[in-house]
Amino acid sequence: MKIEAELKNTKPMPPRQRATLNILFTASWLECMISRSLRPHKLTSPQYNILRILNGSYPKGLSILDIKSRMLDRSSNVSRLVEKLRLRKMVERIPDEADRRMVVVSISELGKKTLQEIDLPTTKSDKKDPGNNMTEEELQTLGDLLDKFRG
């Protein structure tokens, strides 16, 4: 459905405004879909993002600053989110031997198992899921255009 119909807009929009609103609307729409997939696991999107980041660096852990630099939402309070995941035994905090002030965070077996159980709509091949009505080439072009949009 076109963004104008979604927003019930009857007046034409300048292309930059239309693109910006379309990105914002699509981001919100995707966030809702992802949140519904994470809800049964009692995870938020930022918590899922941390697990995904740590899983990507496994078996090596990362510092809080390294995690924060890789987050989709860099304004997240990573220390607080990591602590919540630690209390649920999804991550482990290991003091650095060389610098006792630094802590290395690593994903636990439970965290890895939880990630495997999560069924995100962005990984499915059902026709109604995001991006499944686009070719691989179109998806690549979309990604390239979004990179260009951000400058």
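The values are calculated or read from the model by the stated rules, or taken from the named source; none is laboratory data. This structure is a prediction, so every number in the text was calculated from the model and none was measured. Reconstructed Cβ throughout: ideal geometry from the backbone, glycine too, with neighbour counts over all protein chains shown.
Quickly run through segment 101-121 and pick out the residues that are among the small types (Gly, Ala, Ser) and touching a Gly at 6+ places or on another chain (Cβ under 7 Å).
Listed by number, the list holds a single entry, Ser106.
Matching residues to (1) closer than 25 Å to Leu145 by Cβ; (2) out of contact with any strand residue (DSSP E or B) (no Cβ under 6 Å at 6 or more places or on another chain); (3) surrounded by 15 or more Cβ atoms within 10 Å (Cβ to Cβ):
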position	(1), (2), (3)
Leu21	yes, yes, yes
Phe25	yes, yes, no
Cys32	yes, yes, no
Lys60	no, yes, no
Arg80	no, yes, no
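Only one of Asp119, Asp73, Asp66, Asp99 is of a type in the set (D, E, K, R), touching a residue at least 60 places away in the same chain (Cβ under 8 Å) and either more than 28 Å from Leu139 (Cβ to Cβ) or in a loop (DSSP other than H, G, I, E, B) (or both). Can you tell me which?
When all the criteria are applied, what remains is Asp119.
Out of segment 82-96, which residues are assigned to a loop (DSSP other than H, G, I, E, B) and surrounded by fewer than 18 Cβ atoms within 10 Å (Cβ to Cβ)?
Arg88, Lys89, Asp96
Would you pick out the residues in segment 106-121 that are in contact with an Asp or Glu (Cβ under 7 Å, 6 or more places away or on another chain) and at pLDDT below 85?
Passing the criteria: only Pro121.
Picking from Val103, Val91, which residue would you name as being modelled with pLDDT of 95 or more and touching a strand residue (DSSP E or B) at 6+ places or on another chain (Cβ under 9 Å)?
None of the others qualify; the one that does is Val91.
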